[in-house]
Amino acid sequence: MKTLPSFDELAALAESDPHALEALRLSMSEDVIANASYATQPQLHAMLSHINRMIDHGKNPLHVNMMLFQALTRQYSRFATAFTAPDELCRHQADIMDFRVGQAAKKDVTKGTDRPT
């Protein structure tokens, strides 16, 4: 794995060549994912994709940092719940509602099937 440059080097790179800094971020992220266990790689790729979307949709660097902080805080809260009260993660229930209208919904109810016709 590559070694992360010092903060001063990263700051200088951000000033002089932001595209190179972004390429370094992506390259190092992919390197970390490649060195992770095979089982966790899909989840890490999904997380990287989510982070990239937040970066793309941010209005400015401060907005991006705020969005990333909020996402990290939510994830930290989920992890804390998983460790301290794992039963809480299973308590949520949902009511399944049939949004089909008219005769199709009525026919399915009488047939005993939950698939649309």
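The values are calculated or read from the model by the stated rules, or taken from the named source; none is laboratory data. Keep in mind that what you see is a predicted model, and the values were worked out from it rather than measured. Because the Cβ atoms are built from the backbone with ideal geometry, glycine has one as well, and the counts that use them run over all protein chains shown.
The set of residues in the range 80-90 that are assigned to a helix (DSSP H, G or I) and surrounded by 10 or more Cβ atoms within 10 Å (Cβ to Cβ) comprises 80, 81, 82, 88, 89.
For the range 1-26, the tally of residues that are of a type in the set (Gly, Ala, Ser) and in contact with a helix residue (DSSP H, G or I) (Cβ under 9 Å, 6 or more places away or on another chain) stands at 2. Tell me yes or no: at least one residue of the range 15-36 is over 22 Å from residue 71 (Cα atoms), more than 25 Å from the chain's Cα centre (by Cα), among the acidic types (Asp, Glu) and at pLDDT 95 or above. Yes, the range 15-36 has at least one match. Cβ-Cβ distances below 7 Å connect the following pairs, each with a first residue in the range 33-51 that is surrounded by 10 or more Cβ atoms within 10 Å (Cβ to Cβ), a second residue that is among the small types (Gly, Ala, Ser) and part of a loop (DSSP other than H, G, I, E, B), and a separation of six or more residues or different chains: 44/36.
The residues of the range 80-112 that are of a type in the set (A, V, I, L, M, F, W, C) and either modelled with pLDDT of 65 or more or touching a strand residue (DSSP E or B) at 6+ places or on another chain (Cβ under 9 Å) (or both), listed by number, are 80, 82, 83, 85, 89, 90, 94, 96, 97, 99, 101.
Only one residue in 73, 81 is in contact with a helix residue (DSSP H, G or I) (Cβ under 6 Å, 6 or more places away or on another chain) and of a type in the set (Ser, Thr, Tyr). Which one? Among 73, 81, only 81 is in contact with a helix residue (DSSP H, G or I) (Cβ under 6 Å, 6 or more places away or on another chain) and of a type in the set (Ser, Thr, Tyr).
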